[in-house]
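Novice: Handing you a structure now.
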Amino acid sequence: MPVINYIEFNGSEHSVQVPTGVSLMQGAMDNMIQGIVAECGGCCVCCTCHCMIDPAWAATAGTAADDESELLEMLDTREETSRLSCQVKVTDAMDGMVVRLPESQY
Ligand code: FES
């Protein structure tokens with residue numbers, strides 16, 4: 001099972017196993033990791049699951065679909081590798097991925 005390394009805004013690091021096919025958002029929620037709110041429960045309408053993929057892993061995470069990109073454009077804190085974590089499904093290739101969580105959801 002892939003290990004995802006979540007880093008909260010305060011620097012707290014959490015290395016947790018997340019099953020393939022589960023979203024980065026759900027992986028964080030299932031492991032009680034602070035920094036992802038996920039108000040809409042993963043329906044891609046709330047933007048409160050914002051995360052920044054470590055640049056070394058950005059290609060592995062893939063690119064945002066149009067609806068996700070439109071939501072990301074609304075964020076002041078958007079970075080080049082920003083994604084909505086509910087839209088990124090974990091794959092075996094993501095074993096070791098580093099994901100940072102923004103201050104706005106801290
Ligand atoms: S949980 Fe609402 S957009 Fe991801």
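Novice: Looking at the chain as a GNM with Cα springs under 10 Å, which of Leu84, Leu71, Leu24 has the largest mean-square fluctuation?
Specialist: Top of the fluctuation ranking is Leu71.
Novice: Using helices alone, I'd like the mean residue ellipticity at 222 nm for the chain: each DSSP H run of four-plus residues gives -39500 (n - 2.57), total over residue count, nearest 500.
Specialist: -4000 deg cm²/dmol
Novice: Could you put Leu75, Leu101 in order, starting from the residue whose Cβ has the fewest other Cβ atoms within 10 Å?
Specialist: Neighbour counts put them in this order, fewest first: Leu75, Leu101.
Novice: Separate question: Taking Cα pairs under 8 Å and at least six residues apart, what relative contact order does the chain come out at, in percent?
Specialist: Answer for the chain is 43 percent.
Novice: Additional query: Add +1 for every Lys or Arg and -1 for every Asp or Glu among the other residues with Cβ under 15 Å from the Cβ of Ile4, and state the total.
Specialist: -3
Novice: Among the DSSP beta bridges whose two residues both lie in the chain, what percent are antiparallel, rounded to the nearest 5?
Specialist: 75 percent
Novice: Just add up the charged neighbours of Met32: K/R +1, D/E -1, any other residue whose Cβ is under 15 Å from the Cβ of Met32.
Specialist: Taking every Cβ under 15 Å from that of Met32, the sum is -3.
Novice: I've got another one for you. Size of the dipole of the chain about the Cα centre, Lys and Arg at +1 and Asp and Glu at -1 on the beta carbon, nothing else charged, in debye to 20?
Specialist: Here the size comes out at about 240 debye.
Novice: Report, to two decimal places, the Cα Rg of the chain normalised by 2.2 N^0.38 Å (N = number of residues).
Specialist: 0.93
Novice: In whole Å, what is the distance between the alpha-carbon centres of the range 32-51 and the range 62-106?
Specialist: Taking the Cα centre of each part, the range 32-51 and the range 62-106 sit 10 Å apart.
Read-outs: derived from the displayed coordinates by stated rules, not from any lab. Since we're looking at a predicted model, the values are computed, not measured. Heads up, the Cβs are rebuilt from the backbone with ideal geometry, glycines too, and the neighbour counts pull from every protein chain shown.
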